[in-house]
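One structure is given below, encoded as structure tokens.
The values are calculated or read from the model by the stated rules, or taken from the named source; none is laboratory data. Model, not experiment: these values are computed from the prediction. Methodologically, a virtual Cβ is constructed for each residue, glycine included, from the backbone with ideal geometry; neighbour enumeration extends over all protein chains shown. Ligands, DNA and RNA are excluded from the accessible area calculation, which covers all protein heavy atoms including side chains. Shrake-Rupley method; radii C 1.70, N 1.55, O 1.52, S 1.80 Å.
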Amino acid sequence: MTEEDRREQMMRLILTLRSRGITDPAILRAFERIDRGAFVTGFFADRAYEDTPLPIACGQTISQPSVVALMTEALEVEPRHKVLEVGTGSGYQAAILSQLARRVYSVERHRPLIAEARAIFARLDLHNITTIATDGSFGLPDQAPFDRIIVTAAAEDPPGPLLAQLRIGGVMVLPVGQSDTVQSLIKVRKLESGYDYEELRPVRFVPLLEGMAKD
């Protein structure tokens with residue numbers, strides 16, 4: 001793919017996001033700066049700019065850009081925020097968040113994915129992302145509280161340890177559901193008096209699993 005072709009496909013992707021209702025200028029700028037093609041290699045490289053999920057290593061997927069944008073918009077990230085991402089995957093979501101937040105902590109149970117994501121972040125000169133190989137269902141207690149938490153794998157319910165690590169007034173966005181066919185993307189806001197839940201849309205994500213992967 002030539003540089004001109006890449007730029008044209010990037011522009012088409014931005015237009016697709018606009019057509020999906022994403023209008024926040026800061027989010028659109030983040031998608032312009034972060035080339036999804038850097039995160040999709042091998043057999044599916046030619047499809048990097050399509051609005052579709054694609055397979056990556058370790059049996060995981062890179063989410064479709066419109067879902068990444070929707071989750072990012074729902075998160076309401078501000079420049080001074082500290083964000084926790086559970087499920088680094090390809091690193092694409094963390095890279096987008098790095099353009100909006102002060103610091104992004106991203107955790108992943110698959111060590112090979114962490115290694116690949118770190119290499120991409122280094123190539124893209126993204127220095128405000130910290131990646132950690134650990135069981136994400138328990139969050140990062142040592143770095144809590146977080147202003148924002150995003151989970152890119154589906155749990156049956158919002159994990160208690162993650163809710164506990166959310167700052168009062170903070171927001172968590174995650175898919176919930178008891179199967180891979182019936183999931184809802186929800187937004188949780190932590191209040192002094194409890195939690196406010198908002199259902200956003202149906203989605204399909206890989207399950208949130210406990211423990212470190214053996215790969």
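A few points about this structure:
- Entry remark, the range 186-215: residues being modelled with pLDDT of 95 or more and within 26 Å of T134 (Cα to Cα) number 5 in total.
- Filtered residues of the range 101-113 (kept if of a type in the set (S, T, N, Q) and touching a residue at least 60 places away in the same chain (Cβ under 8 Å)): none
- Meets criteria (under 18 Å from the mean Cα position of the chain (by Cα), under 17 Å from A57 (Cα atoms) and open to solvent by less than 20 Å² (accessible area, probe 1.4 Å)) for A115: no
- Filter result for D147 (on the phi > 0 side of the Ramachandran plot and at pLDDT 95 or above): no
- Hey, R47 charged (D, E, K, R) and in contact (Cβ under 8 Å) with a residue 12 or more places away in the chain or not: no
- Where a residue in the range 114-129 is β-branched (V, I, T) and its partner, wherever it lies, is in a strand (DSSP E or B), with Cβ under 7 Å and at least six apart: I114/E108; I114/T131; I114/A133; I129/V104; I129/S106
- L208 open to solvent by 20 Å² or more (accessible area, probe 1.4 Å), in contact (Cβ under 8 Å) with a residue 60 or more places away in the chain and on the phi < 0 side of the Ramachandran plot: yes
- Scan the range 147-197 for residues that are of a type outside the set (A, V, I, L, M), within 17 Å of H81 (Cβ to Cβ), out of contact with any helix residue (DSSP H, G or I) (no Cβ under 8 Å at 6 or more places or on another chain) and surrounded by 15 or more Cβ atoms within 10 Å (Cβ to Cβ) and the total you get is 4.
- Criterion (β-branched (V, I, T) and out of contact with any strand residue (DSSP E or B) (no Cβ under 9 Å at 6 or more places or on another chain)) met by exactly one of T61, T72, T88, T23: T23
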